Amino acid sequence: MSLDEAASRLQEQFHIIQRIDFRGEISLELPLELLEQACKFAKEQLGFNFLTDLSSVDNFGDEPRFEVVYELYSLERNIHLRLKARVSEDHLEVPSVTHLWPTANWHEREVYDMMGIRFSGHPDLRRILMWEGYPYYPLRKDFPLEGKSSNTPDVAFSEPAPLAGGPFVTLPSPGHIKDREPRARHAEDQ
């Protein structure tokens, strides 16, 4: 079975919002409520027996704001497939796929820790990089690069890092990313 045939079988079985074919890769966007079923079908019926990665994207300013991305691989057929689903900021919960691929365990924990997206049915959903009780999600686009104050000086820094005005600091604003990006600011200053 080729990658195109596998994607077509998923399209026949599930409602696909969008299919993107780009540089020999296929990405399928599904409704969130069909994601777990589609993952199970991809593993059991199409032979995608390896979850290489699970990540998230913050589309700050769009609704739904977040997106979860599953990178699937068939070791037998040597083909790669990407499944995506959008997640609303009002309902940050996605079904866990740890029962399908045990490798999803730490990936889901990282997405929870960095973006705040919860995975229902996860066997041990807790922070993996930040300490328990940390109230923020550092990979969200509205999180400042210099960080935020912390009430736990014995665990981590208590003041934001001294990056104010530095070359890598974006400005929090409702504008487009191109207006907040540091190189755009420096071009205006000259």
- Dipole size in debye (nearest 20) for the stretch 12-87 around its Cα centre, Lys and Arg Cβ +1, Asp and Glu Cβ -1? 160
- Message: Quick check on the exposure proxy: order 130, 114 from fewest to most C-beta atoms within 10 angstrom.
- Response: 130, 114
- Note: residue 18 to residue 5 extended length (0.36 nm per residue) minus current alpha-carbon separation gives 3.1 nm
- Computed E for residue 99/residue 59 - FRET, C-beta separation, R0 22 angstrom, nearest 0.05: 0.20
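We did not get these values from a lab; they are worked out from the coordinates using the rules stated. Predicted, not measured: the structure shown is a model, and the values here were computed from it. FYI the Cβ positions are ideal-geometry reconstructions off the backbone, even for glycines, and counts take in every protein chain you see.
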